[in-house]
Each structure stands twice: as C-alpha cells, then as structure tokens.
1. Out of all the residues in the range 174-188, which are polar (S, T, N, Q) and modelled with pLDDT under 90?
2. If we only count strands (runs of 3 or more DSSP E) wholly inside the range 1-103, which ones have 3 or more residues that are at pLDDT 95 or above and open to solvent by less than 60 Å² (accessible area, probe 1.4 Å)?
3. Would you confirm whether any residue within the range 111-118 is acidic (Asp, Glu) and at pLDDT below 95?
4. Look through Asp162, Asp171 and report the one residue that is surrounded by fewer than 17 Cβ atoms within 10 Å (Cβ to Cβ), modelled with pLDDT under 90 and farther than 18 Å from Val197 by Cα.
5. Being out of contact with any strand residue (DSSP E or B) (no Cβ under 6 Å at 6 or more places or on another chain), modelled with pLDDT under 90 and either part of a helix (DSSP H, G or I) or open to solvent by 60 Å² or more (accessible area, probe 1.4 Å) (or both), is that true of even one residue in the range 189-206?
6. Restricting to the range 1-38, name every residue that is closer than 30 Å to Glu206 by Cβ and polar (S, T, N, Q).
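The values are calculated or read from the model by the stated rules, or taken from the named source; none is laboratory data. Everything quoted here is computed from the prediction, not taken from an experiment. Reconstructed Cβ throughout: ideal geometry from the backbone, glycine too, with neighbour counts over all protein chains shown. Protein only, heavy atoms only, side chains kept; ligands, DNA and RNA dropped before computing areas. Shrake-Rupley method; radii C 1.70, N 1.55, O 1.52, S 1.80 Å.
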Amino acid sequence: MTPLMIQETVDKRKNVTRRLAGLAEINKNPDDWESNGWAGSWGGFAFNHKTKNATRIIKPRYHAGEVVYIKEAWAAIKLIDSVKPRDILPCNYYPIWYKGVPDWQQHGINPWPGGDRGKWRSPLFLPERFARYFIRMGEPRLERLQEITEDDAKAEGLRGKDIATQDILSDKPMVYTYAHLWDSINPSHPFKNNYWVMVYPFELVEKQGR
C-alpha cells in the first residue's frame, strides 16, 4: 500500500483491496474464462475455459479470519544499512522510520528520534515485528475489474479525489477515480482490459489482539 492508502485504512475509510496475484494465466485472455465460483473440495475458485476443455483452480492468497500485517516502506538507522532486515534487532534497540510519516510524528514512533535515518527499504522486506498495523481478512471473492460499483470504490478509500495524485475530481464518479488510481499503480494491467481480480475485504485490528 502507498502511505496515503495506509492512512485511509487506519482511518477506516479503506476496507477492501483488489489484487491480480494468482490470476496471471487467466488474465492473459480474461474474456476466455468464466468463473464457476468456490470449489470447496479444491480450496479455491474454479475457472472454466469458454471454448476449450480446460479448468483451473485459483486459490486465494488470503482466507477469511486470517490476520496479516500491512507492509510499508521503511528505514532503519544508517549505521546498519548493510544489515539484512531479518538480522536487525527489534525496534527498542534501533529506531524505525516509515515513509510518508511526517518527521514530527516520527518522534512519537522512534525510541531514538535523534538517530540518523538510513536508506529507504522496500515494503516487501518489512519484518512483521516492525509492522505498525494489522488487518483481519474477510471472505474473498472473484470479480472482473470493471464490475466495481460506486460503493465499492468508496470502500477502496476514495473520497471524491484521486488518492494517488491528490487531484480533485469532484465532477467524476468514484469508479472513474478508481480506474485512474488503478492505472497509476498497475500500468501494465490497465483498467480498460477488465481483468479478473481477487477482492479481499478486511478490517483493521489491534496488534495485541492477533
């Protein structure tokens, strides 16, 4: 998630996300496939090819009730820039910075705010022990990307503006705004191609309650 999307989640305006993961084969030609819904015995969603005798089972990455942490861009003290994330000691030993958090707020997060911030690191490599936020997943479902409704777009954290560029789009529908946001995040999978996506509803939970 981008820093702004993370804030929308924390403020409980964003409570769903759409993902392409696991659907690469289907989305080579999304119009060629139809979904037959949940195939319980296989633990995934069944797809049938419309013209060929072919079936695929797509398993969601997350399942209802599963608690996961939000990954965000981060940095540790410059002194340990060469240390791999898995080898960095917990936060009470070194400060951790989070991208998008103003400097004055960082002082409330870091036990050592005077530390010299090192390089920004990818969200992909944020260890769970450094995570600030956790979410509990709801029941996943499959949709075509263009099936998103105005209410769905609002649940993605949109509020009448594009949260990727901060452009005010008050005269545009939420779906248009979401399409613009999607394309800015997924330039190689444009909204106009109407891909299949896995839709994951979620709720913010306290870290201690995991």
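1. We begin by selecting, within the range 174-188, every residue polar (S, T, N, Q); these are 177, 184, 186, 188.
Matches in the range 174-188: Thr177 only.
2. Details: elements: 16-19, 33-39, 44-49, 55-58, 67-69, 74-76, 96-98.
Of the strands (runs of 3 or more DSSP E) lying wholly inside the range 1-103, those with at least 3 residues that are at pLDDT 95 or above and open to solvent by less than 60 Å² (accessible area, probe 1.4 Å) span 16-19, 44-49, 67-69.
3. Just the residues of the range 111-118 that are acidic (Asp, Glu), to begin with: 116.
Filter again for at pLDDT below 95, leaving 116.
Yes, some residue in the range 111-118 is acidic (Asp, Glu) and at pLDDT below 95.
4. It is Asp171.
5. The answer is yes; a qualifying residue exists.
6. Listed by number, the residues that qualify are Thr2, Gln7, Thr9, Asn15, Thr17.
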